[in-house]
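Below you'll find the structure, written out as structure tokens, and then a few comments.
Just so you know, all these numbers are worked out from the coordinates, no wet-lab data involved. All of these numbers come straight from a predicted model, not from anything done at the bench. No Cβ is skipped: glycine too gets one built from the backbone with ideal geometry, and neighbour counts run over all protein chains shown.
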């Protein structure tokens, strides 16, 4: 999965620039998540239901627009779509920053979601890199998500303490503007024929169903949905348990998350490097699923800081392996002319998991406590395991066929 061969100079520049761009965008999103439920109560017209809508509005718009914007990137190029998406994201951030009512924040959040560029970014990373380097490239970009998550948990409360939720949204907008300068001035020229994608080729709407049902892709779409569903459902509970059950002050939670992510790195590298021995992606994903499930249950049900921390380490190991592996596999086995469309569907599944996991996790926990949440984890496992088992049985053939296509 991870090639020993180093990046070329152009690949390194492109991948690092995309990782920074992805980091800036996700940093703004993550800074808002732990804050809006507290600071949003000061907004005119705020209720618990409307705060929930404001939180989920971004994910809902992402679900709707990822596929169209991924499809558009196959037609007109990646960079124009990325710049348009960032412009919408920046405008939405400043609309939310200037809002003094919950409805204004909801509008801003909806506009932020309109900057649905994840598919185009991941497709561009695949365009910039050779097939044997794509896992490494996507792994670096995926790791930037974890980095932005940790940074956001540290910076978000500090920025909000200085200027409230408005300042957090304004900083998010500024990060988006910096991202636009990276696209224009830092990213290398957009690849064309060198990576097998003809810029003059037209991707027709009738081809989109093929991007949905192409061999191997449905299992990857479902996997990224389940992965983020479990993440969001677990984090509905984990912060509250750290504060209320274990007694850890909220301003110390970042240290637990940071430590867990750092300690998960050796396990992640071990799993990914195991791919060098052959096309065993199916085995690696099955191991990652086990770690994700066990870690989530331990972290959610742990009665002490040690149990929760151990669960988080195991959980982040499985989650980060999934984050590094799933998008790389999707970009590898996608039909070349439909790569942006495929990554749009992939990103839509990801954000659907975020929305469903957060909302369903909150509803179930409120109605039935930890028992209901554990049932959700079990049901996800029962649905997910057969899909990954089937992928395991066919993964070698699919990856081999993709390499021949490239």
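Stokes-Einstein at 20 °C, 1.002 mPa s, Kirkwood radius from Cα pairs: D for region 1-200 in µm² s⁻¹?
The Stokes-Einstein estimate is 123 µm²/s.
In nm, give the distance between the simple-model label positions of residue 185 and residue 8, each being 7 Å from the Cα along the Cα-to-Cβ direction.
2.6
Rounded to the nearest 0.05, what FRET efficiency do residue 379 and residue 20 give with R0 = 30 Å and r taken as the Cβ-Cβ distance? Could you check?
0.20
Give me the three principal axis extents of region 101-184 from the C-alpha atoms, as integers in angstrom, largest value leading.
Between the extreme Cα coordinates on each principal axis of region 101-184 lie 49, 26, 21 Å.
Report the rotationally averaged projected area of region 263-379 based on its alpha-carbon convex hull, in square nanometres.
Hull-based average projected area comes out at 8.3 nm².
In what order do 392, 58 fall by count of nearby beta-carbon atoms within 10 Å, going from fewest to most?
Taking fewest neighbouring Cβ atoms as first place, the list is 392, 58.
Whole number please: convex hull volume per residue, Cα atoms of region 7-124, in Å³.
Each residue corresponds to 90 Å³ of Cα convex hull volume.
Could you put 74, 127, 42 in order, starting from the residue whose Cβ has the fewest other Cβ atoms within 10 Å?
Numbers: 74 28, 127 24, 42 11.
Lowest to highest Cβ neighbour count: 42, 127, 74.
Efficiency by 1/(1 + (r/R0)^6): what FRET value for residue 245 and residue 161, r their Cβ-Cβ distance, R0 = 22 Å, to the nearest 0.05?
On the way: r = 26 Å, r/R0 = 1.16.
With R0 = 22 Å, the Cβ-Cβ based efficiency is 0.30.
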